[in-house]
């Protein structure tokens, strides 16, 4: 019998990678679920961990499923226009996206802390198009490990919210400098998320670590020249029947914008480029 992988050594922010994994697993098994993710099922079935204490509130499962769908769709659209692109998954955790969006030509990088990549290696294998980088996002030497000269998209799902605004600005500034004309898809919350209604211990702990929040991604254009807001997608706009009483949030502007995916484009010139 094959031994199951243990994740007991994960602590702090790296331990939060179990939350989206659990959500994708549950959504995959739900009739009419928002996403299908057999790789997450494979990983969950191979993990030696007691998930009984890690059951998710219904709204968190929907939130993670919706953001997964939004990002998958945005990345697929990007790859249609740029089939030979480079995609850098920042803070990859146990994300399974490459298995859902791979077009057979993209060069994909997964960046995360060494302890997270160690776990990742138990379930994923590197190849000539799929590379791991075992570094903190704040160790900017990782930018030297990425192939240059190709259209590049960065993904920051469930990551930047754990950093101070100063660090988020620095991360984006370095990406813009090192990868001119690249793009970024990032998850962003408003500061209202700090007043979350969740009492679940694991989610409450994760929420307590949130440091950065914005009302809208459009304000990020003001940080420095060359940052261009393209679009943002709000979670409450999708599947209102699944949000139950929270579906009314989509009619209240501050609440509607509480959780979103922001799309930025970095330009080499100060002139504004039209959003698409």
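The values are calculated or read from the model by the stated rules, or taken from the named source; none is laboratory data. The shown structure was predicted, so the numbers you read here are calculated from the model rather than taken from an experiment. Don't worry about glycine lacking a Cβ; one is built from the backbone with ideal geometry, like all the others, and counts go over all protein chains shown.
Brief remarks on what is shown
- Of the helices (runs of 4 or more DSSP H) that lie entirely inside region 27-127, those containing 1 or more residues that are within 19 Å of residue 145 (Cα to Cα), touching a strand residue (DSSP E or B) at 6+ places or on another chain (Cβ under 9 Å) and in contact (Cβ under 8 Å) with a residue 40 or more places away in the chain span 114-120.
- Meets criteria (surrounded by fewer than 14 Cβ atoms within 10 Å (Cβ to Cβ), without any contact (Cβ under 8 Å) to a residue 60 or more places away in the chain, under 19 Å from the mean Cα position of the chain (by Cα) and more than 21 Å from residue 21 (Cβ to Cβ)) for residue 141: no
- Checking the stated criteria, residue 242 turns out to be outside any strand (DSSP E or B), buried (at least 18 other Cβ atoms within 10 Å of the Cβ) and in contact with a helix residue (DSSP H, G or I) (Cβ under 7 Å, 6 or more places away or on another chain).
- Meets criteria (surrounded by 14 or more Cβ atoms within 10 Å (Cβ to Cβ), more than 17 Å from residue 59 (Cα to Cα), at pLDDT below 95 and in contact with a strand residue (DSSP E or B) (Cβ under 9 Å, 6 or more places away or on another chain)) for residue 226: no
- Number of residues in region 147-163 that are buried (at least 17 other Cβ atoms within 10 Å of the Cβ) and more than 19 Å from the chain's Cα centre (by Cα) equals 1.
- Just one of the listed residues (74, 85, 52) is modelled with pLDDT of 95 or more and closer than 30 Å to residue 243 by Cβ, namely 74.
- The residues in region 94-107 that are more than 19 Å from residue 67 (Cβ to Cβ) and crowded, with 21+ Cβ neighbours inside 10 Å can be counted, and the count is 1.
- Which numbered condition residue 85 fails, given (1) over 21 Å from residue 46 (Cα atoms); (2) exposed (fewer than 15 other Cβ atoms within 10 Å of the Cβ): (2)
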